[in-house]
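First the structure, in the form of structure tokens, and then the observations on it.
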Amino acid sequence: MRTESGARIAVAGAGVFGLASALALARAGLAVTVFDPARPGDNASGVAAGMLAPASEALFDATSTPHLALLRRARDLWPTFVEGLDVEILQADVRIEGEADWLCQIDARRQVLGLPQRREPDGALILNEDWRLDACSTLAALRTAASALGVVFEAASVTHFEPGALTLSDGRVEGFDVLVLATGASQRDGALAPETASLAPIKGQILQLDPGQAAGSVVRGSGVYLCPGAPMKVGATMEFGRDDLSPDPAITNPLLQAAIALRPALAKATVAIEVGVRASTPDGLPLVGWSARAGILLAVGARRNGWLLAPLVAGLVAAYLTDKDPGQDGAQLDARRFDQELEA
Ligand SMILES: Cc1cc2nc3c(=O)[nH]c(=O)nc-3n(C[C@H](O)[C@H](O)[C@H](O)COP(=O)(O)OP(=O)(O)OC[C@H]3O[C@@H](n4cnc5c(N)ncnc54)[C@H](O)[C@@H]3O)c2cc1C
């Protein structure tokens with residue numbers, strides 16, 4: 001689909017995909033309105049640890065392993081994407097700590113992937129190519145930057161779209177030509193765009209520890225990560241097929257115990273549980289590009305790397321809407337790549 005210059009663009013969803021896309025579109029000179037009924041940050045993006053971690057993800061998450069090159073390309077887009085914004089990208093080492101046998105298995109996987117590492121005298125494996133940022137303040141910075149470029153924000157939910165007529169939950173019908181669907185895990189029934197029927201939910205519970213560790217390296221252990229910050233985050237569960245937002249200490253207790261085993265001082269911390277739901281596709285990569293439904297452009301299915309992938313996805317959204325070539329990454333993330341499975 002070609003986009004006429006002057007097209008009125010609506011974005012549904014103010015998570016990191018929606019905000020990054022709105023910012024990229026505004027930078028390209030397009031007029032954008034973002035709709036989201038939730039409070040800013042009240043979504044998966046707001047609870048995330050904010051790790052931009054291609055190496056760790058390829059090493060610890062089998063679904064991400066084949067996508068290491070793409071994840072690295074996405075990470076490398078971050079510094080330019082947030083240049084001039086109030087966003088700090090931290091580039092500290094990742095320490096992998098645990099029993100000797102387990103470290104041996106991880107090191108063998110690392111060698112297969114060709115990831116550079118070094119060993120500390122205490123035996124910890126060190127990866128030095130993963131970054132991180134603070135999720136909540138970065139969401140706010142993206143929103144501020146988008147507003148400064150004229151993006152309008154409205155607290156409303158999109159219920160229906162056809163080119164020229166966007167329907168909102170309060171009954172209003174507004175004149176928009178294109179809808180960018182960045183609704184995270186919320187829309188999965190195919191009603192707004194048939195491709196969302198290929199999304200499955202993965203509930204994620206993450207712990208906030210106070211006092212925790214404010215700065216330093218991310219620590220990865222068996223079945224747990226410790227991400228320094230204010231507050232420190234310890235994560236995260238991967239509860240396949242679940243989309244409820246109820247905190248469940250029985251499920252998160254193993255995370256807490258694993259964290260205390262790595263850093264005994266954390267036994268004294270106050271613990272709060274936060275919950276988000278990730279949307280996943282069959283291959284673990286997002287759906288980005290035109291829907292079969294006229295005028296709808298998808299940016300959904302971020303799974304556990306939505307922060308890492310956001311500038312890459314936003315760049316593709318902007319490419320589609322300015323009639324540029326979305327290139328190799330556009331083909332890999334094509335929004336209609338599961339059409340045949342949905343028809344079968
Ligand atoms: C515990 C946890 C830890 C994580 N840690 C990391 C990490 O360290 N690094 C990383 O890269 N990723 C991480 N992730 C994954 C990452 O958070 C997600 O992939 C990403 O935030 C998804 O962003 P999104 O914009 O697609 O969805 P969301 O952030 O969920 O935003 C979707 C928005 O759409 C809105 N919406 C829904 N329906 C409508 C509608 N009809 N109209 C308008 N608006 C609508 C919702 O209100 C919501 O605000 C983590 C996830 C979890 C749960």
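We did not get these values from a lab; they are worked out from the coordinates using the rules stated. Since this is a predicted model, take the numbers as computed values, not measurements. Here Cβ is always computed from backbone atoms with ideal geometry, including for glycine, and neighbour counts include all displayed protein chains.
If R₀ is 51 angstrom, what is the calculated FRET efficiency for the pair K324 and D244, using the beta carbon separation as r and rounding to 0.05? Intermediate results must be reported in sequence, preceding the final value.
Details: r = 40 Å, r/R0 = 0.79.
Between K324 and D244 the formula returns 0.80.
Å³ per residue of the Cα convex hull, for segment 251-344?
Working: hull volume 14.5 nm³, N = 94.
Convex hull of Cα atoms, per residue: 155 Å³.
Rank the residues F81, F240 as a footprinting-exposure proxy: fewest other Cβ atoms within 10 Å of their Cβ go first. Don't skip to the answer; put the middle values down first.
On the way: F81 20, F240 9.
Ordered by Cβ neighbours within 10 Å, fewest first: F240, F81.
So for segment 200-279, what percent of the C-alpha to C-alpha distances run longer than 15 Å? Write down the numbers at each step before the final one.
Working: 1636 of 3160 pairs.
The share of Cα pairs beyond 15 Å in segment 200-279 comes to 52 percent.
Just to be sure I understand the model, the point goes 7 Å from the Cα along the line to the Cβ. What's the resulting A292 to S137 distance in nm?
My value for the distance between the label points is 4.6 nm.
How much length is gained on full extension from R109 to T270, taking 0.36 nm per residue of separation minus their Cα-Cα distance?
Working: separation 161, 0.36 × 161 = 57.96 nm, distance 3.49 nm.
Between R109 and T270, full extension yields an extra 54.5 nm.
Express in whole angstrom the spacing between the alpha-carbon centres of segment 166-193 and segment 257-281.
One Cα centre to the other: 34 Å.
For R8 and A331, what does the FRET efficiency come to when R0 = 45 Å and r is the distance between their Cβ atoms, rounded to the nearest 0.05?
With R0 = 45 Å, the Cβ-Cβ based efficiency is 0.95.
Within 10 Å of each residue's Cβ, count the other Cβ atoms and sort T159, T80 from fewest upward. Could the numbers behind the result be given before it?
Details: T159 14, T80 9.
Lowest to highest Cβ neighbour count: T80, T159.
For segment 4-146, what value does the Rg/Rh ratio take when both radii are computed over Cα atoms and Rh is the Kirkwood radius, given to two decimals?
On the way: Rg = 18.4 Å, Rh = 17.2 Å.
A ratio of 1.07.
Output needed: percent of Cα pairs per 5 Å distance bin for segment 17-88, bins running from 0 to the one holding the longest distance.
The distribution over segment 17-88 is 3, 12, 17, 21, 21, 16, 9, 2, 0, given as percents.
Sort W102, W307 by Cβ crowding within 10 Å, fewest neighbours at the top.
On the way: W102 14, W307 28.
Result, fewest neighbours first: W102, W307.
Working out 0.36 nm times the residue gap between S169 and D101, then minus their Cα-Cα distance, what length gain in nm do you get to one decimal?
Values: separation 68, 0.36 × 68 = 24.48 nm, distance 5.47 nm.
Here the answer is 19.0 nm.
Working out 0.36 nm times the residue gap between D86 and I251, then minus their Cα-Cα distance, what length gain in nm do you get to one decimal? Before the final figure, lay out the partial values.
Details: separation 165, 0.36 × 165 = 59.40 nm, distance 3.56 nm.
Full extension from D86 to I251 adds 55.8 nm.
Between segment 37-101 and segment 110-147, what is the separation of their alpha carbon centroids in Å?
6 Å
In Å³ and rounded to a whole number, note down the convex hull volume per residue for the Cα atoms of the chain.
Enclosed volume per residue, from the Cα hull, is 135 Å³.
On the principal axes of its Cα set, how long, how wide and how thick is segment 146-276? Give whole Å, largest value first.
Projected onto its principal axes, the Cα set of segment 146-276 covers 59, 37, 23 Å.
Antiparallel DSSP bridges in the chain: what percent, to the nearest 5? Before the final figure, lay out each step's value.
On the way: 40 of 59 bridges.
Given both bridge residues lie in the chain, the antiparallel proportion sits at roughly 70 percent.
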